[in-house]
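Data block below; observations after.
The values are calculated or read from the model by the stated rules, or taken from the named source; none is laboratory data. No experiment lies behind these values; they were computed from the predicted model shown. No Cβ is skipped: glycine too gets one built from the backbone with ideal geometry, and neighbour counts run over all protein chains shown. These accessible areas exclude ligands, DNA and RNA; they are computed on the full protein's heavy atoms, side chains included. Shrake-Rupley method; radii C 1.70, N 1.55, O 1.52, S 1.80 Å.
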Amino acid sequence: MYRGVRKRKWGKWVSEIREPGKKTRIWLGSYETAEMAAAAYDVAAFHLKGERPNLRLNFPELIHTFPKPSSSRPEDVQMAAHEAAMRFKRPIDDHPDNCGAGPVRVGLSPSQIQAINESPLDSPKMWMEFAGALLPVREYTCPSSSFEDHQWDEIQYHHDSIWDF
């Protein structure tokens, strides 16, 4: 589908490129989408092979907007490739399993942070307070297309203990 990209059997997309004139490859990363891996390949290919008419890229119209590696060292190429790939990362709201619920932010209150700092790490009290801060108060379900408005009243909310999982 994209040049320099392949799909692993478990669903991740990976990208790597052979260094010009060498037998070694530069690993560009493992990504959630094929487009992310393709952008990583484009950055590396453009940097290592140079701008030439026969250079085949996945996104030639975007190549001049992508980050440029500071050198040809594999670490620098990998870093720039990763930055380009992150531009294609899907927002959480676009994930098919999300149901439009949006991101959930979990935080600790100042008193919980203080209790954690003052308690020994093996303290059961500390672990219970920490668990309580991380658990969702409500359980949400994704409605199916046949979910009627009056069924919202039947949803039961409950609070699980972290030790129940």
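Looking at the stretch 3-41, which of its residues are open to solvent by 30 Å² or more (accessible area, probe 1.4 Å), under 12 Å from Ala85 (Cβ atoms) and among the aromatic types (Phe, Trp, Tyr)?
Trp13
Can you tell me which residue within the stretch 63-88, out of those that are surrounded by 14 or more Cβ atoms within 10 Å (Cβ to Cβ), farther than 21 Å from Arg52 by Cβ and touching a helix residue (DSSP H, G or I) at 6+ places or on another chain (Cβ under 6 Å), is modelled with the lowest pLDDT?
Residue satisfying both the conditions and the ranking: Phe88.
Pick from the stretch 2-17 the residues that are touching a residue at least 40 places away in the same chain (Cβ under 8 Å) and not in a strand (DSSP E or B): which of them is nearest to Val77 (Cα to Cα)?
Top of the filtered list is Gly4.
So Gly21 ticks every box in (1) modelled with pLDDT of 90 or more; (2) of a type outside the set (A, V, I, L, M); (3) farther than 16 Å from Phe88 by Cα but one. Which box is left unticked?
(1)
For Asn54, which of the numbered conditions (1) part of a loop (DSSP other than H, G, I, E, B); (2) open to solvent by less than 10 Å² (accessible area, probe 1.4 Å) fails to hold?
Every condition holds for Asn54 apart from (2).
With respect to Ala44, determine if the residue is part of a helix (DSSP H, G or I), over 19 Å from the mean Cα position of the chain (by Cα), of a type in the set (Gly, Ala, Ser) and buried (at least 20 other Cβ atoms within 10 Å of the Cβ).
Here the answer is yes, as Ala44 does meet what is asked.
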